[in-house]
Amino acid sequence: MGEKVIASNRKARYDYHIIDTIEAGLVLMGTEVKSLRDGKVNIKESYALIENSEMFLLGVHISPYSHGTTHAHEPDRKRKLLLHKGEILKLKRVIEQKGLTLIPLKIYFKRGKAKVLLGTARGKAKHDKRRTIAEKEVKREIARSVKNKY
């Protein structure tokens, strides 16, 4: 069984150097799961935070379920992430290094469970972003010339 990607943070790879990734479970309420299955989620400005040996995801906007009742979930609430304690402590040591942060790269369903792929990341400077754009353009030109050759 594969995974069904619901949302991906494509801008993260442009704004950050992704050093390492880890998969975490996501604690959700019933209507949040239905909204996720409808693809009503935005993870662009989100990040993960460690508090009291627990990990939370902040800044994720899951729109209220359209067919839900008046007891719908809060769209921008803090959501708990499920990881082993050893993994959380290891991540805490890693992100305490200067300039590192935890950002979600994608949210997906794997065997019916909501998962988040988190990346430990260091922010890119402006010149690094320009270099990334230049490298993409060079690769595109090479692909175009190879395509036209054949």
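Spatial offset of the stretch 1-53 relative to the stretch 75-104 amounts to 13 Å, using the alpha carbon center of each. Relative to the longest principal axis of the Cα atoms of the chain, the long axis of helix 126-149 lies at roughly 60 degrees. For the chain, a crude dipole built from +1 on the beta carbon of Lys and Arg and -1 on the beta carbon of Asp and Glu, taken about the Cα centre, is about 680 debye to the nearest 20.
For the pairs K115/K147; K4/K90; K40/K149; K34/K136, note any where the Cα-Cα span goes beyond 32 Å. From the list (K115/K147; K4/K90; K40/K149; K34/K136), the Cα-Cα distance tops 32 Å for K115/K147; K40/K149; K34/K136. From least to most packed, judged by other beta carbons within 10 angstrom and beginning with the fewest, Y108, Y47, Y150 follow the order Y150, Y47, Y108.
Here, the chain has an Rg and a Dmax of 18.1, 61 Å when only alpha carbons are counted.
Readers should treat all values here as calculations from the given coordinates under stated rules, not as data from a laboratory. Keep in mind that what you see is a predicted model, and the values were worked out from it rather than measured. So basically every Cβ, Gly included, is an ideal-geometry build from the backbone, and we count neighbours across all protein chains shown.
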